[in-house]
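The values are calculated or read from the model by the stated rules, or taken from the named source; none is laboratory data. Everything numeric here is computed off the predicted structure, so don't read it as measured data. Don't worry about glycine lacking a Cβ; one is built from the backbone with ideal geometry, like all the others, and counts go over all protein chains shown. Note: areas computed on protein heavy atoms with side chains; ligands, DNA, RNA excluded. Shrake-Rupley method; radii C 1.70, N 1.55, O 1.52, S 1.80 Å.
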Amino acid sequence: TEDRIIEMLKPDYITGLTVLGGEPFEPENQIVLVPFLKRVKESYPDKTIWSFSGFVLEDLMREGTHCHTEVTMDMLNMIDVLIDGRFEQELKNIQLRFRGSENQRLIDMNKTRKEGKVVLWDE
């Protein structure tokens with residue numbers, strides 16, 4: 001399956017990969033995804049990787065939380081845009097771009113790493 005996805009990313013009109021549900025940042029999923037994401041980055045360094053997570057970035061980065069593992073930072077370091085936070089039905093807003101509820105953030109991970117603070121993605 002991974003080989004097939006790598007091949008499907010080949011055309012120039014495919015700008016990147018989005019990783020989403022179940023939950024990419026469940027510990028057992030991170031262990032499998034990190035080597036795959038490394039393959040994607042090595043094969044296509046100019047393509048972006050986006051990921052959705054019900055966890056918030058601060059929890060992903062904090063040692064001792066359920067979602068923080070020995071590979072979490074490796075995974076976060078390969079993601080260009082993280083959409084974090086659980087979908088909340090009472091905060092649903094169909095006018096939002098790339099997210100379903102107002103509590104979710106589109107985080108520019110490249111700028112966040114560079115500036116050392118959360119920087120929201122802006123096209």
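Can you tell me how many residues in the range 84-123 are closer than 22 Å to Arg39 by Cα and hydrophobic (A, V, I, L, M, F, W, C)?
Selection size over the range 84-123: 1.
So the check is Cβ under 8 Å with 6+ separation or different chains; which pairs have a first residue in the range 61-72 that's farther than 15 Å from Pro24 by Cα and touching a residue at least 24 places away in the same chain (Cβ under 8 Å) and a second one that's open to solvent by 30 Å² or more (accessible area, probe 1.4 Å) and of a type outside the set (A, V, I, L, M)?
Within 8 Å, no pair qualifies.
Suppose we filter the range 100-112 for residues that are in contact (Cβ under 8 Å) with a residue 24 or more places away in the chain and over 16 Å from Glu58 (Cβ atoms); how many remain?
Looking only at that region, the number is 1.
With the requirement that a residue be among the hydrophobic types (A, V, I, L, M, F, W, C) and either open to solvent by less than 40 Å² (accessible area, probe 1.4 Å) or assigned to a loop (DSSP other than H, G, I, E, B) (or both), what does the range 88-102 give you?
Ile94, Leu96, Phe98
Where the second residue is at pLDDT below 95 and in a loop (DSSP other than H, G, I, E, B) and the first is of a type in the set (A, V, I, L, M) and lies in the range 4-20, which pairs have Cβ atoms under 8 Å and are six or more apart or on separate chains?
Note: no pairs meet the criteria.
Would you pick out the residues in the range 73-87 that are outside any loop (DSSP other than H, G, I, E, B) and over 11 Å from the mean Cα position of the chain (by Cα)? Break it down into steps so the answer makes sense when it comes.
Keep residues of the range 73-87 that are outside any loop (DSSP other than H, G, I, E, B), which gives 73-78, 81-84.
Hits for the range 73-87 are Met73, Asp74.
Identify, by number, the condition in (1) charged (D, E, K, R); (2) part of a loop (DSSP other than H, G, I, E, B); (3) surrounded by 11 or more Cβ atoms within 10 Å (Cβ to Cβ) that Lys111 doesn't meet.
(2)
Could you count how many residues in the range 73-87 are open to solvent by 40 Å² or more (accessible area, probe 1.4 Å), closer than 15 Å to Asn110 by Cβ and in contact (Cβ under 8 Å) with a residue 24 or more places away in the chain?
Qualifying residue count, the range 73-87: 1.
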